[in-house]
Amino acid sequence: MGMDEWERPQGTRVEIELEAKYQKGQRSVDTYLRATALANPHVTIRYRDPEGTWQVWERATRTLPAEPREVQPHPYGVELGVLLQMMKVTENRKLGAFLQNEFSRVSRKSAFEICQLAGVNPETWVARVAREEAQKLHAALSQVKLMNPPTDCISPIGEGLLVDSLQREYPKAFLVARTRAPSVYRGNPFQVEVALAHDPSAMPSDQTITLLRFANRVPLLYQQGACAVTKAVTSVRWKPYGVEHPRGGLPVGPMVLAVHLASVWVPFTSESKEAVASYPEIVEEIRRAVMECGRSLGIHLSKTRRQNEELKKRDYIAKYIPKISQALQGILELDDRERDRTTAQLTDILNRSRKL
Amino acid sequence: VSQKPRKGPPATQAEKDQLVLVSIEDLAREIHAAIRSGRKPTLAFPIRNLGNVSYDRKTGYLEIGDATSERTLTYNTAKTFAQTLMMMQMSQTHVRGNKRSTKREAYYIGKSDAWGEAQFNDQPESDAIIDDIEAMFAERGVTREQLRFIADDHGGSVAGELIVIDRHSKTGEELFIDCTRMGSGAFSIPKFVEHLRFETSAKFILCIETGGAFDRLNTEEYWKKANCILIEMQGVPSRACRRFVRRLADDKKLPVYAFTDCDPYGFANIYRTLKVGSGNAAHINQFYCVPQARFLGVTPQDIKDHKLPTQAMKEVDIKRAQDALKNDPFFSSHKEWVDAIKLQLEMGKRAEQQAFAKYSLEYVFETYLPQKLANPKAFLP
């Protein structure tokens, strides 16, 4: 909005001054905003670039995403620092009660089990737990058998909206999206969504596909090669879907593939939050979602190919069969009736063999 | 094919034309009958490569084998099929009107409105159709020239002790061409040579690879000194050139000697094609070969004997030499050639026929050729 007057009756206005080099391309403000609009179809983005041109991404829906439900942490995914912090602020006095009340899926029985494994009495005052004991406790947290955490705490974008979002950018494309059921890695619920747009008229067919990565609706622009998303997409066998796929690389074709990872805790490879770490559960979920989209694409492509082939056949028959009869007429001095009968018969022979 | 296959070209022009017309009509009728009975028509072609030829010294040329490939009419082959039939019709029209077209003219005729959607995209496409038709009719003894399609490329040239008797194309009047009186030029071998007759007192025919070497011998009137006929092949001899030499040599019972660069291209492409034909035109080798040809030089031994300046063999030379030893039935059935090629591979050197100029411009015809011609029995087979 820059320095314009703020005329909204309510809302939040944030102003940040940043000094940076303005550039275009794969890793640029423009790309970031475009991708953000894609993953946040409920948001309208207006952007005035340094040349003064306005770019607007209108919202694709007026419905806000469901608000994520707050859940307690699951013991499997808690880090030592977090555990210490929780122990500091808890209102529970005794260790057993602390474990049972502050964590997800910890019953009285499992709280006892954890304490037993750590060699600590559940009746110990939380404030009295020493640092070494806390470390043992932390180790014990991941060793007890517990139910997986509830997964209704994640808010995905949804297949319908993903398709709508992509359609804004690629109106003529073949579109498909999959939202997988939530899953869990190390006690952290997560959910994978994949959307695919394929359009030979809008994108180059001889270049690597465009891979868009999102973590909790935020586009990831850097470190593509180090990301679990890239690893998963590369590991899928694309050839059966009719997509060119050089060994060990991303597939090639007129395609955009958007992968969204929603989680209470996205495991980034570093503090800069540029790439997702390759937990086997996450890679596998992405793979499955990508494969489901790939299968739909494969069916679409082979249908298109069959239709084109059929058109080509019809075209060839219409073009060349009369020429064959015409030449036979010339050589054998057939009359026009015989020529036309030959054309009809030959067309019939070729059409018949096509169906078999 | 209803007519019994026959070997060798028929005698008179009228018979040849009749054979072409019958062949075209037979095939068209066969295709028409297949369509009428509800079957897909099929064309059969003999396979044309060195893998489907055999060599027998008595036969004298690379003889095509029995392997064939078939082209059934499907929507994919419909265009080629239509083009094949239309080209056959063009040939029929040529024969009936006593016309000939070059392969390039045939390509342009195929650009006319009558061809409509079946028009050719480029000349290789129309050339391939002509080759196909020739191959299909080869066992009946029909050649491309009889189908009335002739080559565009240079047919080679002649100088020396020879009178060629040609006919005026319109009046039919006999024309006597004295190849000793071509001045500083030479007589161009026509694209079509079947009607030519010859008068000569020459003792042999010398077929020369390069224009440069031919010019040297022609300028010095070597043909007078040696009483011979000089042929300029300009690389691999054209079909017309091979046929011309064959007819002349057969008619006048003359020995034929080849004089090429000393490299695998000179032996395996130029000389081999002159003498026994080629792999990819194997179906017409029986007409386009000169089995009586022998190889005068330049041989690998000549490089040593005459201490010729050489170049190192390139990779492609070496590959060609190894290929000749391994895959070419002509070379493998002549031990002398196997030895010569092995000797050259050992030396790793090649030399050109003009390399004799190292000594003097006269060396080639004053020293080299007379020395060689003193003992033609020693020529490579």
Please list the non-local residues whose amide H lies under 5 Å from the amide H of A:Arg48, H modeled 1.01 Å from N, same-chain partners needing a gap of 5 or more. A:Gln55
I'd like the distance separating the alpha-carbon centroids of region B:234-254 and region A:286-356, in whole Å. 48 Å
Crossing angle, helix B:315-327 versus chain B [Cα axis fit, 0-90 degrees, rounded to tens]: 70 degrees
Partner aspartates and glutamates for A:Lys313 [C-alpha distance under 17 Å; skip if fewer than 8 residues away on the same chain]: A:Asp348, B:Glu117
Using 0.36 nm per residue, how much length does the chain from B:Thr367 to B:Ser332 gain when fully extended, once their Cα-Cα distance is taken away? 9.4 nm
In region B:151-293, what percentage of the DSSP-assigned beta bridges are antiparallel, given to the nearest 5? 60 percent
I'd like to check one number: the per residue accessible area of chain B, probe 1.4 Å, reported in Å² as a whole number. 43 Å²
Ranked highest first by the average count of other Cβ atoms within 10 Å around their residues, in what order do A:267-274, B:120-127, A:152-159 fall? A:152-159, B:120-127, A:267-274
As an exercise, use a Förster radius of 22 Å and the Cβ-Cβ distance of B:Glu346 and B:Asn375 to find the FRET efficiency, rounded to the nearest 0.05. 0.35
Estimated distance in nm for a label pair at A:Glu292 and A:Arg237, the labels positioned 7 Å out from Cα along Cα-to-Cβ: 2.1 nm
Considering only the other residues whose Cβ falls under 12 Å of the Cβ of B:Thr93, what net charge follows from Lys and Arg at +1 and Asp and Glu at -1? +4
Ordering A:Asp30, B:Asp178 from largest to smallest accessible area (1.4 angstrom probe), what's the sequence? B:Asp178, A:Asp30
Suppose the chain between A:Glu284 and A:Tyr22 were pulled fully straight at 0.36 nm per residue; how much longer would it get relative to their current alpha carbon spacing? 90.6 nm
Under a Cβ-only charge scheme (Lys and Arg +1, Asp and Glu -1), can you give me the dipole magnitude of chain A about the Cα centre, in debye to the nearest 20? 1120 debye
Largest fluctuation, B:His195, B:His154, B:His168 only, Gaussian network model of chain B with Cα springs under 10 angstrom, belongs to B:His168
Could you look at region B:136-291 and say what percent of its accessible area is carbon and sulfur, using a 1.4 Å probe and all protein chains? 46 percent
Max mean-square fluctuation residue, GNM over chain A, Cα-Cα springs under 10 Å, options A:Asp315, A:Asp206, A:Asp336: A:Asp336
Between beta-carbons, use under 15 Å as the cut-off and find the net charge around A:Ala130, counting Lys and Arg +1, Asp and Glu -1. +2
Scan region A:27-81 for trypsin sites (Lys or Arg not before Pro) in coil per DSSP, keeping those whose Cβ has at most 10 other Cβ atoms within 10 Å, and list them by number. A:Arg62, A:Arg69
For chain A, the longest principal axis of the Cα atoms and the Cα long axis of helix A:280-332 enclose an angle in degrees, to the nearest 10, of 0 degrees
Beyond 27 Å (Cα-Cα) in this structure, taken from B:Lys275/B:Lys377; B:Lys58/B:Lys99; B:Lys224/B:Lys253; B:Lys253/B:Lys372; B:Lys79/B:Lys103; A:Lys21/A:Lys273, we find B:Lys58/B:Lys99
Counting other C-beta atoms within 10 Å, and keeping those with at most 15, which DSSP coil GluC sites (Glu not before Pro) do you find in region A:300-356? A:Glu333
Choice from B:Ile109, B:Ile64, B:Ile35 with maximal GNM fluctuation in chain B (Cα, 10 Å cutoff): B:Ile35
Once ligands and nucleic acids are excluded and a 1.4 Å probe is used, how much of B:Tyr55 is accessible, expressed in Å² to the nearest 10? 40 Å²
Relative to the longest principal axis of chain B, what angle (0 to 90°, nearest 10) does the C-alpha long axis of helix B:13-36 take? 40 degrees
About the Cα centre, charge dipole magnitude for region A:161-283 (Lys/Arg +1, Asp/Glu -1 at Cβ), debye: 240 debye
At 222 nm, what helix-only mean residue ellipticity would chain B give, in deg cm²/dmol to the nearest 500, using -39500 (n - 2.57) for each DSSP H run of four or more? -11000 deg cm²/dmol
Shielding by partners - mean other protein chain Cβ count within 10 Å, residues of B:26-37: 4
Separation in nanometres of the label points that stand 7 Å from Cα toward Cβ, at B:Tyr359 and B:Gln123: 4.2 nm
With point charges of +1 on the Cβ of Lys and Arg and -1 on the Cβ of Asp and Glu, referenced to the Cα centre of chain B, which listed residue (B:Gln311, B:Asn227, B:Ile35) lies farthest in the positive direction of the dipole? B:Ile35
Expected output is a single nm value to one decimal: the length gained when fully extending between A:Glu338 and A:Leu311, i.e. 0.36 nm times separation in residues minus the C-alpha distance. What is it? 7.0 nm
Roughly what percent of Cα-Cα pairs across region B:97-236 reach past 26 Å? 41 percent
Expressed as a whole number, the average count of other chain Cβ atoms within 10 Å around the Cβ atoms of A:328-336 is 5
Hey, rough spin-label estimate for A:Thr210 and A:Thr61, points 7 angstrom out along Cα→Cβ, what's it come to in nanometres? 2.2 nm
Work out the mean other chain Cβ neighbour count within 10 Å for the residues of B:83-93 and drop it here as an integer. 4
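The values are calculated or read from the model by the stated rules, or taken from the named source; none is laboratory data. All values derive from a computational prediction rather than experimental measurement. Please note: Cβ atoms are built from the backbone with ideal geometry, for glycine as well, and neighbour counts cover all protein chains shown. Ligands, DNA and RNA are excluded from the accessible area calculation, which covers all protein heavy atoms including side chains. Shrake-Rupley method; radii C 1.70, N 1.55, O 1.52, S 1.80 Å.
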